[in-house]
1. Filter the range 17-72 for residues that are open to solvent by 50 Å² or more (accessible area, probe 1.4 Å) and hydroxyl-bearing (Ser, Thr, Tyr); which is nearest to the chain's Cα centre (by Cα)?
2. What about Leu157, is it open to solvent by 30 Å² or more (accessible area, probe 1.4 Å), part of a loop (DSSP other than H, G, I, E, B) and at pLDDT below 95?
3. Tell me, yes or no, whether the range 125-134 has at least one residue that is open to solvent by 20 Å² or more (accessible area, probe 1.4 Å) and outside any helix (DSSP H, G or I).
4. How many residues does the range 193-209 hold that are away from the ligand (no atom under 15 Å from the Cβ) and in contact (Cβ under 8 Å) with a residue 60 or more places away in the chain?
Amino acid sequence: MLRKLIGLVFICSVFIFSGCTTIYNPATGNRETLFINTQTEVNLGKDMAKQISSDMKLLNDPVRQKRLDEIGKRIAAISDRTDLIYSFNIVKDKEFNAFAIPGGTVYVNDGLLDAASDDELAAVLGHEVGHIAARHSVKRLQAVLGYQLISSIALGLTGQGQVLQAVDVVFNVVTLGYSRKDEYLADKLGVKYSKAAGFNPQGMVTFFQKLKAEGKNTSLQLVFLSSHPPIDERIKQVEKEIAALN
Ligand SMILES: [Zn+2]
């Protein structure tokens, strides 16, 4: 249902097309060809956020929100991508999960928020901001839609079917996880950003340990765990990244 609705609003959103541009992306260290520009990404994110706020229960809790905003803003300020306005939302859900949608909006479940220390939360937010900085969802959308289809959407020449299919892919990706390669890069950026923002990057390791324990002790379905690379492998990689930073 959510995906269908997102698909519909997506078609109605302003798809601004300005051809191909090639940029150097400091988050990935690569030159990347983009044909979904920042403005289109922001528009898409706004439409997705609207649907999420009507389909998921968001918490309006000033105390928790203040903590989330303070840590999130410190991470966003030193990230590799500062052309976006980041915002952070709390989802009422006990599962340990967080996700980011295109355009700079990040969602954190209250279960994760309450269980994580500040250093751990900084690492998780660094991971999510890392996905945004690396433009993982945008590149996935580009790959699925292709240059031709994106230009026809912009010109109003396309039908709903293909677009719905593409939006399905993006929605699954942001909520269920990216490729292993993308997850490892987001972990690496999470370590880098949390340290640069003045947090202890070891928070990523202790968070993974909590996640692992949570997975053993609960019947909660842990998306962050099941769809991502094996947790012990991630801990190993993160420890390497922390050692490389020191
Ligand atoms: Zn991720």
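The values are calculated or read from the model by the stated rules, or taken from the named source; none is laboratory data. Bear in mind that the values here come from a model prediction, so they are computed numbers and not experimental data. Heads up, the Cβs are rebuilt from the backbone with ideal geometry, glycines too, and the neighbour counts pull from every protein chain shown. Note: areas computed on protein heavy atoms with side chains; ligands, DNA, RNA excluded. Shrake-Rupley method; radii C 1.70, N 1.55, O 1.52, S 1.80 Å.
1. Checking each candidate, the answer is Ser53.
2. Yes; evaluated as a whole, the condition is true for this residue.
3. No, that holds for no residue.
4. Number satisfying all stated conditions: 9.
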